[in-house]
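All remarks here apply to the structure that follows.
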Amino acid sequence: MESLRELYRIGYGPSSSHTMGPRAAAERFVKEHPEVKEVTVELYGSLAATGKGHLTDKAIVDVFNEKGIRNEIVWYPDKFKPYHPNAVTFIASGISDTYYSVGGGKIVKEGENNLVDDTVYPDLVLGDMEKMLNYCDYHGYQMWEVAVEYEGEAILDYAGEVWAVMKKAIERGLENEGVLPGGLKLQRKACLSHAKSVDFAGSLGNTSRAISFALAVSEENAGGGEIVTAPTCGSCGVLPGVLYYLREEYKIPEIRIQRAILTAGIVGNIVKTNGSISGAEVGCQGEVGVACAMAGAAATQLLGGSIYQIEYAAEMGLEHHLGLTCDPLMGLVQVPCIERNAMACMRAIDHASFALMGDGRHKVSFDNVVEVMMETGTALPSLYRETSQGGLAKIVDRE
């Protein structure tokens with residue numbers, strides 16, 4: 001299993017797989033072939049189908065223009081490479097390199113075993129959730145302590161950097177107003193939502209604030225602002241929304257927030273290792289569903305839950321998003337993505353509450369749900385896996 005640094009990537013939206021990944025691929029191509037003066041870029045599958053809305057072409061062109069490399073982009077939305085739906089090929093004189101953007105900003109070069117890059121956790125320890133729980137139980141650990149054991153105290157420092165970027169995204173998002181770019185003419189809602197939540201009384205006001213925090217980050221991402229993949233750009237508002245809400249509500253120290261980020265990261269990494277966090281591969285269940293699982297786990301830890309209650313909250317977060325399609329309007333990370341982040345934020349808090357009311361025992365394990373998520377995701381037609389060719393994207397476009 002990879003370092004949590006690979007899961008939590010600090011960068012700019014609107015999409016980890018369609019913006020951050022292609023940019024990283026172009027940067028690597030330039031680094032490996034500095035002699036190239038002209039290149040043809042071929043985008044395949046989901047990268048081509050929703051690339052314009054996700055600024056895929058801009059992310060790539062910016063890299064080449066900075067180096068003075070002439071470039072042309074060719075779009076193949078109906079052609080798919082064998083390894084993954086998100087594929088880009090760079091063609092220059094005598095060179096043809098293909099990269100796959102596999103989710104969360106990670107890229108895999110064709111012909112290389114990139115899946116084991118940066119492996120720091122032994123499979124016997126964190127191969128799946130059951131192994132992780134057994135390991136924690138044997139050593140008396142909380143989940144976050146496993147991350148510190150294998151990555152050192154520096155991973156807590158990195159969690160602090162992640163949290164700082166998350167907080168700034170919320171604070172910017174609560175201030176910014178106006179229409180988001182991209183053509184949907186969608187108004188930002190976080191600022192007004194937060195202003196209204198302050199006047200709401202009782203529990204309604206509390207929950208409304210959490211919604212506004214998640215909206216703030218998601219809107220910042222949609223506007224190309226700096227965010228953290230958690231586990232992706234499209235689902236980046238869920239975890240910070242929950243953490244910011246709990247910090248304000250319960251005056252939780254920063255160090256405990258950082259530890260909760262590590263626990264959430266372990267949950268996300270288990271899915272990434274045994275399943276997928278790519279909307280183009282398994283639909284939005286792999287993005288917002290996983291984000292909800294991560295946030296539920298973090299919330300349960302912060303509220304004093306055991307490792308088994310944490311696993312239960314994470315299991316519910318993923319289970320209750322099974323089958324969620326990825327059908328963004330105009331290929332933008334705006335509708336239904338932004339609202340989904342806000343709703344998943346609230347569900348994560350509810351899952352934590354539900355898990356804490358019991359002792360952690362339940363019938364369906366987290367590993368069971370990851371397996372079913374992959375089965376469900378691969379059964380989804382490509383229309384519902386980030387191509388914007390079906391579902392809401394097609395119906396609304398028709399009106």
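The values are calculated or read from the model by the stated rules, or taken from the named source; none is laboratory data. Please read these numbers as outputs of a predicted model, since none were measured by experiment. Neighbour counts run over all protein chains shown; Cβ positions are idealised from the backbone, glycine included. Heavy atoms of the whole protein, side chains included, go into the accessibility calculation; ligands, DNA and RNA do not. Shrake-Rupley method; radii C 1.70, N 1.55, O 1.52, S 1.80 Å.
Quick one: would you say Tyr135 is free of Cβ contacts under 8 Å to residues at least 60 places away in the same chain and of a type outside the set (A, V, I, L, M)?
yes
Yes/no matrix, rows are residues, columns are (1) more than 14 Å from Glu171 (Cα to Cα); (2) modelled with pLDDT of 95 or more; (3) in contact with a Lys or Arg (Cβ under 8 Å, 6 or more places away or on another chain):
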site	(1), (2), (3)
Asn206	yes, no, no
Phe213	no, yes, no
Glu219	no, yes, yes
Pro231	yes, yes, yes
Close pairs (9 angstrom Cβ cut-off, 6 or more residues apart or separate chains): at positive phi in segment 210-233, outside any strand (DSSP E or B) and polar (S, T, N, Q) anywhere
Gly224/Thr19
Candidate set from segment 270-280 (those that are surrounded by 24 or more Cβ atoms within 10 Å (Cβ to Cβ) and in a helix (DSSP H, G or I)); member that is modelled with the lowest pLDDT
Ala280
Only one residue in Gly283, Gly323 is in contact with a Ser or Thr (Cβ under 9 Å, 6 or more places away or on another chain), more than 24 Å from Lys363 (Cβ to Cβ) and at pLDDT 95 or above, so which one is that?
Gly283
Hey, can you tell me all the residues within segment 328-347 that are open to solvent by less than 40 Å² (accessible area, probe 1.4 Å) and closer than 21 Å to Val179 by Cα?
Pro328, Leu329, Gly331, Leu332, Val333, Gln334, Pro336, Cys337, Ile338, Asn341, Ala342
Out of Arg340, Arg385, which single residue is under 30 Å from Lys52 (Cβ atoms), of a type in the set (Lys, Arg) and in contact with a Gly (Cβ under 8 Å, 6 or more places away or on another chain)?
Arg385
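Scan Ala169, Ala159 and give me the residue that is in contact with a helix residue (DSSP H, G or I) (Cβ under 9 Å, 6 or more places away or on another chain), under 25 Å from Gly305 (Cα atoms) and surrounded by 17 or more Cβ atoms within 10 Å (Cβ to Cβ).
Numbers: Ala169 fails: under 25 Å from Gly305 (Cα atoms).
Just one listed residue meets the conditions, Ala159.
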Name the residues in segment 232-263 that are more than 21 Å from Arg5 (Cβ to Cβ) and either in contact with an Asp or Glu (Cβ under 9 Å, 6 or more places away or on another chain) or in a loop (DSSP other than H, G, I, E, B) (or both), would you?
Arg247, Lys251, Ile252, Pro253
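For (1) farther than 15 Å from Ile338 by Cα; (2) of a type in the set (D, E, K, R); (3) open to solvent by less than 30 Å² (accessible area, probe 1.4 Å), each residue gets a yes or a no:
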| position | (1), (2), (3) |
| --- | --- |
| Arg209 | yes, yes, no |
| Ala216 | no, no, yes |
| Glu220 | no, yes, yes |
| Val238 | no, no, yes |
| Gly241 | no, no, yes |
| Lys251 | yes, yes, no |
Please state which of the following conditions Leu180 fails to meet, knowing it meets all the rest: (1) open to solvent by less than 10 Å² (accessible area, probe 1.4 Å); (2) of a type outside the set (D, E, K, R); (3) within 19 Å of Ala260 (Cβ to Cβ).
(3)
Between a first residue in segment 19-32 that is farther than 16 Å from Thr50 by Cβ and touching a residue at least 60 places away in the same chain (Cβ under 8 Å) and a second residue that is part of a helix (DSSP H, G or I) and open to solvent by 30 Å² or more (accessible area, probe 1.4 Å), which pairs have beta carbons less than 9 Å apart while being 6 or more apart in sequence or on different chains?
Ala26/Val61; Ala26/Asp62
Quick one: is Asp350 assigned to a helix (DSSP H, G or I) and either of a type in the set (A, V, I, L, M) or within 26 Å of Ala295 (Cα to Cα) (or both)?
yes
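Looking at Glu226, Glu254, which is the one that is out of contact with any strand residue (DSSP E or B) (no Cβ under 6 Å at 6 or more places or on another chain) and among the acidic types (Asp, Glu)?
Glu254 is the lone residue from the list that is out of contact with any strand residue (DSSP E or B) (no Cβ under 6 Å at 6 or more places or on another chain) and among the acidic types (Asp, Glu).
Just for segment 357-399: of the residues that are hydroxyl-bearing (Ser, Thr, Tyr) and assigned to a loop (DSSP other than H, G, I, E, B), which one is least open to solvent (accessible area, probe 1.4 Å)?
Ranking the qualifying residues of segment 357-399, first place goes to Thr387.
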Report the residue count in segment 195-216 for those that are touching a helix residue (DSSP H, G or I) at 6+ places or on another chain (Cβ under 6 Å) and either among the aliphatic types (A, V, I, L, M) or farther than 18 Å from Leu239 by Cβ (or both).
9
Return the total of residues in segment 183-192 being crowded, with 20+ Cβ neighbours inside 10 Å and assigned to a helix (DSSP H, G or I).
1
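Tell me whether segment 301-318 contains one or more residues that are in a loop (DSSP other than H, G, I, E, B), open to solvent by less than 50 Å² (accessible area, probe 1.4 Å) and modelled with pLDDT of 95 or more. Please lay out each step first, then the result.
Initial filter on segment 301-318 (in a loop (DSSP other than H, G, I, E, B)): 303-306.
From the residues that got through so far, the ones that are open to solvent by less than 50 Å² (accessible area, probe 1.4 Å) too are 305-306.
Narrowing further to those that are modelled with pLDDT of 95 or more: 305-306.
Within segment 301-318 (the criterion being in a loop (DSSP other than H, G, I, E, B), open to solvent by less than 50 Å² (accessible area, probe 1.4 Å) and modelled with pLDDT of 95 or more), the answer is yes, since at least one residue qualifies.
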Is segment 71-89 home to any residue that is touching a Gly at 6+ places or on another chain (Cβ under 7 Å) and under 18 Å from Gly265 (Cβ atoms)?
no
Among the residues that make up segment 322-335, is at least one of them of a type in the set (Asp, Glu) and over 18 Å from Ala264 (Cβ atoms)?
yes
Those residues that are at pLDDT 95 or above and not acidic (Asp, Glu), I need them from segment 35-51; list them, please.
Val36, Lys37, Val39, Thr40, Val41, Leu43, Tyr44
